[in-house]
Amino acid sequence: MKKIILTLLLLSSINSFAQSNPEKKLGMWYAYGGSHKMSEKVSIKTQAQFRFFDIANDLQQLMLRAGANYKINNTFSAYLGYAFFNTDATFDVDGGDANEHRIVEDLNINYKHSKFGVAHRFRFEQRLFKANTKHWFRYQLGINYPISNTLSAYVYDEVFLNFEGNTFSQNWFGIGVKHKLSNSVNLQLGYHNISLNGGANFNRIIAGIAISTNHTKKK
């Protein structure tokens, strides 16, 4: 925990020297993820992210997501959920914000290759704005590797595709570590890069906590 705090303080010091340009700033995403097992097949997934342009200042986006995951077998699972986004697209000024609602459908494929954990996620999103509706397809490839009984490393890449207009929208790349505090709690610290169609590029640090519960255990 002390190492994580020192890392965040160092990042804050570095970020204070950055230019007043969102592409030049090292932003911060604070993330929460919950997985609540209701039966052998069904789990409830909850998620919240506070996405800042800065380390802890100028909130760019609030994301809240919840849904149900159905385990088809040990390799395949499907997810259906709802997400809410509140976004301030302006940087360093108060330019107003916009709300977005999304319906989310996932197909997940997870398996082991030697010591590596491999995860494929195919995601469809219906993006509901006040004036119109847009559609996204997202594909993510994730790989994790256990360093010890409590520490693991991960890397992922995700491409976003539009159903209309320019097909390619953006690409996300991330790398980091996860620390297992207990059977129910995991901590995450990683680097996240966002590359948009048109050339814009953003660098973010993700600090997260994941909590899992099992409601199938007999009392």
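So, residue 24, is that one at pLDDT below 60, out of contact with any Phe, Trp or Tyr (no Cβ under 7 Å at 6 or more places or on another chain) and charged (D, E, K, R) or not? Steps first, please.
Values: at pLDDT below 60: no; out of contact with any Phe, Trp or Tyr (no Cβ under 7 Å at 6 or more places or on another chain): yes; charged (D, E, K, R): yes.
Considered against the rule, which asks whether it is at pLDDT below 60, out of contact with any Phe, Trp or Tyr (no Cβ under 7 Å at 6 or more places or on another chain) and charged (D, E, K, R), residue 24 comes out as no.
Quick check on my filter: what residues within the range 108-140 are polar (S, T, N, Q) and over 19 Å from residue 164 (Cβ atoms)? Lay out the reasoning, then the answer.
As a first pass, look at the range 108-140 and keep what is polar (S, T, N, Q): 108, 110, 114, 126, 132-133, 140.
Result: 108, 110, 114, 140.
Is there any pair with a first residue in the range 174-197 that is in a strand (DSSP E or B) and a second that is of a type in the set (Lys, Arg) and open to solvent by 70 Å² or more (accessible area, probe 1.4 Å) whose Cβ atoms are under 6 Å apart and which are 6 or more apart or on different chains, and what are they?
If the second residue must be of a type in the set (Lys, Arg) and open to solvent by 70 Å² or more (accessible area, probe 1.4 Å), the pairs left are 186/178; 186/180; 188/178.
Among the residues of the range 190-219, count how many are within 30 Å of residue 39 (Cα to Cα) and within 16 Å of the chain's Cα centre (by Cα).
Taking the range 190-219 as the starting set, the residues that turn out to be within 30 Å of residue 39 (Cα to Cα) are 207-219.
This time we only want the ones that are within 16 Å of the chain's Cα centre (by Cα), so: 207-211.
Total satisfying the criteria: 5.
So which residues in the range 52-80 are open to solvent by less than 20 Å² (accessible area, probe 1.4 Å), in a strand (DSSP E or B) and farther than 28 Å from residue 113 by Cβ?
Across the range 52-80, the qualifying residue is only 63.
The values are calculated or read from the model by the stated rules, or taken from the named source; none is laboratory data. These numbers were taken from a predicted model, which means no experiment stands behind them. Because the Cβ atoms are built from the backbone with ideal geometry, glycine has one as well, and the counts that use them run over all protein chains shown. SASA here: full protein model, heavy atoms, side chains in, ligands and nucleic acids out. Shrake-Rupley method; radii C 1.70, N 1.55, O 1.52, S 1.80 Å.
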